[in-house]
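These notes concern the structure reproduced below.
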Amino acid sequence: MPLSTQSQADDEQYVLVASLDNARCLSNILKAITFKDHAIFSATPNGLKVTVEDSKCLQANAFIQAEIFQEFTIREDLVGFQVNLTVLLDCLNIFGGSTVPGVSTALRMCYRGYGYPLTLFLEEGGVVTVCKINTQEPEEPIDFEFCSTNVTNKVILLSESLKEAFSELDMTSEVLQITMSPSQPYFRLSTFGNSGNAHYDYPKDSDMMELFRCTKTQTNRYKMSLLKPSTKALALSCKVSVRTDSRGFLSLQYLVRNDDGQICFE
Amino acid sequence: MDCLLEGNCVKAFGKAVHALSRIGDELWLDPMVRGLALRSVNSAHSAYACFLFSPLFFQHYSLGPVSEQGSETIKCKLLMKSVLPLFRCLTSIERNVERCQISISTPSDRVIIQFFCRHGITKTHNLSFQESEALQAVFASHLCPNVLKAPARLLGDMVMHFPVSQEEITLSMTPLSVSLRNYYEGGNDHMKTMYTEMSLHLDEFDYFQVGVDSDITFCLKELRGLLSFAETHCLPVSVHFGAAGRPVCFSVEDMVLEATVVLATLIDSESTGPSQQTETLAPTTPRCAEAAVLPVGSCEANSRKHQGVPAVMELIPSSQGSPIISPPALMLLVPQTDNPNGLGEPDEACASATTTPASSTICSLLFRALSSEQDSDGCAARLPVLAYYSDGEENMEEDYTRSPSL
């Protein structure tokens, strides 16, 4: 692979080097959280985390474990920068959306450190493209202080069942109401639209329910517009965990399996 | 009213809703002893459809408690755009839905449609409805001189040859053959139109009766839903019609259901001169009760801004004990100038069915919504009222035979 012929010396300057045989893997995940232009990247020895926020009320994070990458080298404990996500996606797809089997775009992402652009080496079929994207000062992502100890209700559902529900949701409703309870109706999604209301009930013993742990009955309403970006993530995922804490904050975690392993994001 | 449908029947029910959605923007639900009727009519009153599901179609069918006053059950109408999305994806219904329960709940003014799906998932939809008198078109199909009964796929295969955008087609019947051709506005640029005509020998039909040679022109779009339904269920389609100007009735039936579509036809098929779509008349047209402006019916070609639900329906008091509106009262709506409600302004009504000048006379047929031309008022008066809002008990003043209601 041409990329591997890069001289080893170059690598010394980079604070972060990550390689993927198939850039599609990364671009699909990033597409799922692209509801705003800018994303904050933070890399640790565990992997890469990409954060996108909207109006201080919605935050999406994609975690890509280090093991997913063919090569993942990091010289500091934490490397952070902010880039324009739309530009990054355009670069990742620079060879077009080729779906010819056997042909994939290889990626080598390198970052020299504060003040330097993010360099992407993309190769497909012997053609190499180098992209340099200017980075910005990473903003501090909001910490919603959603921690596991405060979680009151948690369910894990297979995405298949939710995908259908979300595609049928009444969009004339401004809110989506989520009810989680240790008793009937267990897990319910409700909408209140122009023509009436609709309820989707998932019983706790359903085949689709992998985990059901609800301690108290909670009903919360969330703005539909804030949930819309999550449908892209839902489409990619195989499982979803829905958690609410004592304040009613909602955390949705989607597990995306790619060919080799897993990538989790919330 | 409370009924339970199982598996495959839910799909058939959904297909019926699809077919009805091609006709009008509202769905009338009429639970009766002989079954549940779903009906729709287009805004111009030139197309009407009814799907009647007998109690055998359902796993369980009950009209609910009979009140002391009488045997009336709630008759209501729903917005098509509330109901259609529930049955939109028929393949996923087939895959996932095990049972469907439909009930009308008076205290909460809701129609409750509940889908019991695989994996224990339940989807409940509470739709608000409007009480309404039953919608009925009375059409003497047994009096029609011409009858055709086509095997399931035949008509569907024939209409497949016409482009999806084709609005009207002309069906001609002679003792030797039946032909279908597309209908075009006279005076238009002949160079741009593709003419398609196909003929079938009468032997291709399961049954035929040629009373009069006739050419009838009607709106194809509104029929497609029924043809698709018939094809899915492999049911033969019966066509009853007469001379041009008389309505045409397409029907299918089997042991547990009957479906009928009645379409108005052009009175004369030699249209003269180009006719522009008339503009919306509307300030006096009452808006329908719902806040949302309903989309225009499927045949509509022009872009009109508002399409009120035909005012006739809104005029009728909705409670059960309401006075029966007799057909002559509907005549009040006819003369444009006197019509305080501005219903069915003729051009508006007509335009929905066809785009030709003669269209002004088509729409008269079902509900007496009439053309603006003075002379056709007279003409309209001679045309029998085919559909009216009632409990079905009143007498028609016209001298036309009571025929089985659809």
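The values are calculated or read from the model by the stated rules, or taken from the named source; none is laboratory data. None of the values given here were measured: they were computed from a predicted structure. Cβ coordinates were reconstructed from backbone atoms using ideal geometry, including for glycine residues, and neighbour counts include every protein chain displayed. Please note that ligands, DNA and RNA were not included when accessible areas were found on the heavy atoms of the full protein model with its side chains. Shrake-Rupley method; radii C 1.70, N 1.55, O 1.52, S 1.80 Å.
Below are the figures for this structure:
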{"quantity": "Strands (runs of 3 or more DSSP E) contained in the range B:118-202 and holding at least 3 residues away from chain A (no Cβ under 14 Å) and either in contact with a strand residue (DSSP E or B) (Cβ under 6 Å, 6 or more places away or on another chain) or open to solvent by less than 70 Å² (accessible area, probe 1.4 Å) (or both)", "calculated": "B:135-137, B:146-150, B:168-173, B:177-182, B:197-201"}
{"quantity": "The range A:202-212 - residue that is within 7 Å of chain B (Cβ to nearest Cβ) and under 15 Å from A:Thr179 (Cβ atoms) and, of those, least open to solvent (accessible area, probe 1.4 Å)", "calculated": "A:Tyr202"}
{"quantity": "Residue, most open to solvent (accessible area, probe 1.4 Å), within the range A:217-247, restricted to residues that are of a type in the set (Ser, Thr, Tyr) and under 17 Å from A:Cys147 (Cα atoms)", "calculated": "A:Ser246"}
{"quantity": "Test: residue in the range A:36-50 that is open to solvent by less than 50 Å² (accessible area, probe 1.4 Å), more than 24 Å from A:Pro141 (Cβ to Cβ), out of contact with any Leu (no Cβ under 6 Å at 6 or more places or on another chain) and modelled with pLDDT of 80 or more", "calculated": "no"}
{"quantity": "Among the residues listed as A:Glu139, A:Glu123, the single one being in contact (Cβ under 8 Å) with a residue 40 or more places away in the chain and closer than 20 Å to A:Cys25 by Cβ", "calculated": "A:Glu123"}
{"quantity": "Residues of the range B:231-258 that turn out to be closer than 19 Å to B:Ser141 by Cα and not in a loop (DSSP other than H, G, I, E, B), as a count", "calculated": "13"}
{"quantity": "Which numbered condition A:Ser237 fails, given (1) at the interface with chain B (Cβ under 10 Å from one of its Cβ atoms); (2) among the hydroxyl-bearing types (Ser, Thr, Tyr); (3) touching a helix residue (DSSP H, G or I) at 6+ places or on another chain (Cβ under 6 Å)", "calculated": "(1)"}
{"quantity": "Residues being more than 9 Å from chain A (Cβ to nearest Cβ) and either in contact (Cβ under 8 Å) with a residue 24 or more places away in the chain or among the hydroxyl-bearing types (Ser, Thr, Tyr) (or both) - total across the range B:93-112", "calculated": "13"}
{"quantity": "Hits in the range A:157-201 (condition: of a type in the set (Val, Ile, Thr), within 14 Å of another protein chain (Cβ to nearest Cβ) and open to solvent by 10 Å² or more (accessible area, probe 1.4 Å))", "calculated": "A:Thr172, A:Thr179"}
{"quantity": "Single unsatisfied condition, B:Gly211 versus (1) of a type outside the set (Val, Ile, Thr); (2) touching a residue at least 24 places away in the same chain (Cβ under 8 Å); (3) in contact with a Ser or Thr (Cβ under 6 Å, 6 or more places away or on another chain); (4) more than 14 Å from chain A (Cβ to nearest Cβ)", "calculated": "(3)"}
{"quantity": "The one condition in (1) open to solvent by less than 50 Å² (accessible area, probe 1.4 Å); (2) without any contact (Cβ under 8 Å) to a residue 24 or more places away in the chain; (3) within 14 Å of chain B (Cβ to nearest Cβ); (4) assigned to a strand (DSSP E or B) that A:Gln253 fails to fulfil", "calculated": "(3)"}
{"quantity": "Members of the range B:207-242 that are small (Gly, Ala, Ser) and closer than 19 Å to B:Tyr184 by Cα", "calculated": "B:Ser214"}
{"quantity": "Residues located in the range A:144-156, provided they are surrounded by fewer than 18 Cβ atoms within 10 Å (Cβ to Cβ) and either among the hydroxyl-bearing types (Ser, Thr, Tyr) or in contact with a Phe, Trp or Tyr (Cβ under 7 Å, 6 or more places away or on another chain) (or both)", "calculated": "A:Phe144, A:Phe146, A:Ser148, A:Thr149, A:Thr152"}
{"quantity": "Selection within the range B:1-24 - outside any helix (DSSP H, G or I), touching a strand residue (DSSP E or B) at 6+ places or on another chain (Cβ under 7 Å) and open to solvent by 10 Å² or more (accessible area, probe 1.4 Å)", "calculated": "B:Met1, B:Asp2, B:Leu4, B:Glu6"}
{"quantity": "One residue from B:Ile74, B:Ile93 being at pLDDT below 90 and in contact with a Cys (Cβ under 9 Å, 6 or more places away or on another chain)", "calculated": "B:Ile93"}
{"quantity": "Filtered residues of the range B:81-92 (kept if part of a helix (DSSP H, G or I) and either surrounded by fewer than 21 Cβ atoms within 10 Å (Cβ to Cβ) or at the interface with another protein chain (Cβ under 10 Å from one of its Cβ atoms) (or both))", "calculated": "B:Lys81, B:Ser82, B:Val83, B:Leu84, B:Pro85, B:Leu86, B:Leu90, B:Thr91, B:Ser92"}
{"quantity": "Residue under evaluation B:Ser228, criteria (1) buried (at least 20 other Cβ atoms within 10 Å of the Cβ); (2) under 21 Å from the mean Cα position of the chain (by Cα); (3) of a type outside the set (A, V, I, L, M, F, W, C), criterion not met", "calculated": "(1)"}
